[in-house]
1. Can you confirm whether the stretch 336-356 contains a residue that is touching an Asp or Glu at 6+ places or on another chain (Cβ under 7 Å), of a type in the set (S, T, N, Q) and more than 19 Å from VAL275 (Cα to Cα)?
2. Filter the stretch 254-280 for residues that are out of contact with any Asp or Glu (no Cβ under 9 Å at 6 or more places or on another chain) and surrounded by fewer than 21 Cβ atoms within 10 Å (Cβ to Cβ) and give the result.
3. Read through the list (1) at positive phi; (2) modelled with pLDDT of 90 or more, then give the number of the only condition that GLN70 fails.
4. Take the residues of the stretch 182-207 that are surrounded by fewer than 20 Cβ atoms within 10 Å (Cβ to Cβ) and out of contact with any Asp or Glu (no Cβ under 6 Å at 6 or more places or on another chain): which is nearest to SER129 (Cα to Cα)?
5. Given the criteria surrounded by 13 or more Cβ atoms within 10 Å (Cβ to Cβ) and at pLDDT below 85, does LEU383 qualify?
6. For the stretch 283-315, which positions are closer than 25 Å to GLY238 by Cβ and either hydroxyl-bearing (Ser, Thr, Tyr) or not assigned by TED's automatic domain parsing to the domain that holds ARG345 (or both)?
7. So for the stretch 157-166 (the condition being touching a residue at least 40 places away in the same chain (Cβ under 8 Å) and either acidic (Asp, Glu) or closer than 29 Å to ASP57 by Cα (or both)), does at least one residue qualify?
8. What do you reckon, is ALA282 within 13 Å of the chain's Cα centre (by Cα) and farther than 25 Å from VAL177 by Cα?
Amino acid sequence: MTRVAVADVSDRKSSPLERSLLAIARSATDNFPNSMRARQREAVEWIERNGLTKARDDAWRNASTVELQQHSVTVLAAGAKAVAHWPAVALPDSGPVLWLVNGEILTESAPIAGVRWLALSKAIEQEPSVRAQFGAHVLLENGFTASNVAAFADGWCLIVEPGVVVERPIELRYLQVTAGASALALPRVLVLAGAGSQLQLFERHYSRTSETSLTAEVTEIVLEPGAKVTHSRWVDHGPSTWQVATTAVSVGEGAEYHAWTASGQGRFARHDLTVRLAGRRASAVLDGVFYARSAELSAQYVRVWHDSTEGSTKECYRGVVENNGRGIFDGIIYVGKGAAKTDARQENRNLLLGPLSIVHTKPHLEIDNDDVTCSHGATVGQLDEQQLFYLRARGIAEHEARAVLTWAFAKEIVDRCPNDMLGDLVREALRAKEVVE
């Protein structure tokens, strides 16, 4: 086989961030088992060819990382003491907690019958099913995802045995802590939900750092036939944290996947969610709310593939942007030739709270089958002046009236959170940020 020559990064102009990520990726080669080295080399070569994003890539047109790319990053050790930085907010009656601190794994959670969680490095060596699924659902489309594929140190593998109903939610806590340097975290998670199993999974992302930090995470979730997974995410980063998250989901025959995400803060918070409805009667419900404040960007890129018959997708996102913040929603639903009787609905609504607020919305469908029911739409608007006048006329201060109407706009999605405890936490967090009065 002829090997295609790959130009060294020095042959073209590169940024400090790209050079540091490449150095970390190249040095990680020896940490990978032989079964994964081909994929690791492929990821390194992707960055060498393309940089962190391909030239004129529409998916990054409105999500500039120029500011970030002026920083070099380094991988920092976590240490068990770092968990003390976690905010003192507990969720009652929650289940096991799996930590990813600066991308490293920590836990003291007790086991549950029918559920296993183990280090990815160990799972890849011991579990044939893990080797078959790991990395199979992640596309190399940008240098941030490629950096994770090429250089992640370890992560969690969560396996739910067939038919097992997990009564309590399992929590993943992502914590980013820096120590006087621009830090890089590369968290990695693989979830395998066996046939007929049921799982509640939720993620909490948190950082409060004064230094610029980057977290580039990858999560893969595989639902075997008949499985049901609810997957909730709450992102609450500090103003110096940049996050590029990739979630890739495969949904088998008759399986049901419900994703719910809320993004409340962070200098740059981008989530790429890819869902493939691979089996007959597979379904996905995708809900999201994002809030971008001054100088912040919150971006949601959602792609759904309907590969089989009688699948359904219900997708609904709300965006709130204030001052000079920016929001992005980019959603695509693909309906393949063999996906007859598909029911796919996509909706994005956005609220601008200031004259400098910007939102880019791009919902669209690509359909290769006539026997389908599909719709999509988007709106962008401001607070209704008549509603504001109505509340002001009843003695409500203007800032309180604006908060009430803003919350009314976001409430529909927040109330859909499949985990009541997490939903309450998000409501309180939004109140603290004066989204709600």
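The values are calculated or read from the model by the stated rules, or taken from the named source; none is laboratory data. Quantities reported herein were computed from a predicted structural model and do not represent experimental measurements. We place every Cβ from the backbone using ideal geometry, glycine too, and count neighbours over all the protein chains shown.
1. no
2. The answer is GLY254, GLU256, THR274.
3. (1)
4. GLY196
5. no
6. Answer for the stretch 283-315, where residues must be closer than 25 Å to GLY238 by Cβ and either hydroxyl-bearing (Ser, Thr, Tyr) or not assigned by TED's automatic domain parsing to the domain that holds ARG345 (or both): TYR291, SER294, SER298, TYR301.
7. yes
8. When the stated conditions are applied, ALA282 does not pass them.
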